[in-house]
Each structure stands twice: as C-alpha cells, then as structure tokens.
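S.K.: Below you will find the structure I want to go over with you.
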Amino acid sequence: MTVDDLDTPALLIDLDVVDRNIARLQRYCNDRGLSLRPHIKTHKIPALAHRQLAAGARGITCQKLGEAEVMAAAGITDILITFNLVGSQKIERLARLLRQARMRVTADAHEILPGLGAAARRANTELPVLVECDTGLGRNGVQTPREAVAMAQAIAAQEGLRFLGLMTYPTPPAGSEWM
C-alpha cells in the first residue's frame, strides 16, 4: 500500500519518530531523577501508552474515567485520573477499575470524598488520593495552602482513602505563549 492508496482522512504515524520522542522525554526525566507518568489525553491510544511504559514510565495519567477504562482493558495497571469523579455511575465504574488496576485519583472538593471512599470499600481496597492545587492557572484545585491541608485531613479521615500527596499543573511564566 502507498500513500496514494489511502482513503482520506487517514492518520499516519511515524513510529520511529514516536519512539525517539518517548525515549528523549524518558531520558530527560531519568537524568533528573524524575518519575514519568505521561498524560495520554493527546493520543488516547493504548499501544502508544504501552510504548511509554516499556521505555520506563511508571504509569499513565488519564483525564477521564472512560480513558482509564480503555487503558485498563488494554492491560495497563498503574493509572492516575486527574479530574473529580462525581455521581453514583462513575463511582461504580471506579470500583470496577479498582479491581483491575492500581488506581489513583485527585480531589479538590470535600463533597466527592464519600463517593471515592465508597468505591474503595466496594472494591475492598484503599484508594490513594492526591489533593489538586491551583497554582495560578485558575482551572481546578484548592486555592490556598490552608484548603490543601483541610483536604488532606479529610482524605485521611475517609474510610477507604489514603492521602497520597499534592498535584498541580505548573503555572507558565508571565508573558509566555501559554498566557
């Protein structure tokens, strides 16, 4: 088959370039003593996530529960979900995932903690939870160190949950192209 034989639109991926990029990022993290947990929201392809893991990533990050379900079904067993999970349907789905993979989640609202705890108890496990902190982007996360401490204490007090640490997205420098 040649490019002329493809029906468009068609996605073409140069795996040599992909593998070089994966290796370069992993090398950068390794050289600095950092554990890499890449976010799959840009590719959402289990085969690429497996390549990242094979190169040395410690696990993957998903934004949504559905992404995590796809990755777990593909045999990926260390997953972080970085968006609040709200509602009984999502809690049931999380409980199922907890039986398949080593899950971690983030939280920035006290109201979601009982549901997360219920999912962990249904799966007969402990769910590690990171407090999401807003450090300037104005998106998600607790707004102050005091709120972060209160969330951490609430997580530690919730049966089935374990406070794992803090998570944030770095704020780009003022005047950067991101602002």
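The values are calculated or read from the model by the stated rules, or taken from the named source; none is laboratory data. The structure displayed is predicted, hence computed values, not measured ones. Cβ sites come from the backbone with ideal geometry, for glycine too, and all protein chains shown count toward neighbours. Please note that ligands, DNA and RNA were not included when accessible areas were found on the heavy atoms of the full protein model with its side chains. Shrake-Rupley method; radii C 1.70, N 1.55, O 1.52, S 1.80 Å.
S.K.: Cross-link candidates for K90: which aspartates and glutamates have Cα within less than 16 Å, leaving aside residues fewer than 8 places away along the same chain?
M.R.: The qualifying aspartates and glutamates are E67, E69, E111.
S.K.: Bin width 5 Å, alpha-carbon pairs only: give the P(r) of the chain as whole percents, running from 0 to the bin holding the largest distance.
M.R.: Histogramming the chain at 5 Å steps yields 1, 8, 14, 16, 17, 16, 12, 8, 4, 2, 1, 1, 0 percent.
S.K.: Moving on. Ignoring ligands and nucleic acids, what accessible area does L130 show with a 1.4 Å probe (Å², nearest 10)?
M.R.: Surface accessible to solvent at L130 totals approximately 20 Å².
S.K.: Taking the solvent-accessible surface of protein heavy atoms with a 1.4 Å probe, what is the per residue accessible area of the chain in Å²?
M.R.: In whole numbers, the chain has 59 Å² accessible per residue.
S.K.: Which trypsin sites (Lys or Arg not before Pro) does the range 1-78 hold that lie in a coil by DSSP with at most 12 other beta carbons within 10 Å?
M.R.: Here the sparse-neighbourhood loop sites are R32.
S.K.: Determine the shape class of the range 1-103: with a ≥ b ≥ c the square roots of the Cα gyration tensor eigenvalues, call it rounded for a/c under 1.5, and otherwise prolate if a/b is greater than b/c, oblate otherwise.
M.R.: oblate
S.K.: Give me the dipole magnitude in Debye, nearest 20, for the range 1-133 about the Cα centre, with unit charges on the beta carbon: positive for Lys and Arg, negative for Asp and Glu.
M.R.: Once rounded to the nearest 20, the dipole reads 620 debye.
S.K.: Farthest toward the dipole's positive end in the chain, which of Y28, Q153, L6, given Cβ charges of +1 (Lys, Arg) and -1 (Asp, Glu) about the Cα centre?
M.R.: It is Q153.
S.K.: Then there's this: With all protein chains present and a 1.4 Å probe, how do I45, I112 order by accessible area, largest first?
M.R.: I45, I112
S.K.: I would also like to ask the following. Separation of the range 54-113 and the range 27-42 by C-alpha centroid, Å?
M.R.: Taking the Cα centre of each part, the range 54-113 and the range 27-42 sit 19 Å apart.
S.K.: Subtracting the Cα-Cα distance from 0.36 nm times the residue separation, let me have the gained length for E147 to S35 in nm, one decimal.
M.R.: Working: separation 112, 0.36 × 112 = 40.32 nm, distance 2.66 nm.
Extra length from E147 to S35 when fully extended: 37.7 nm.
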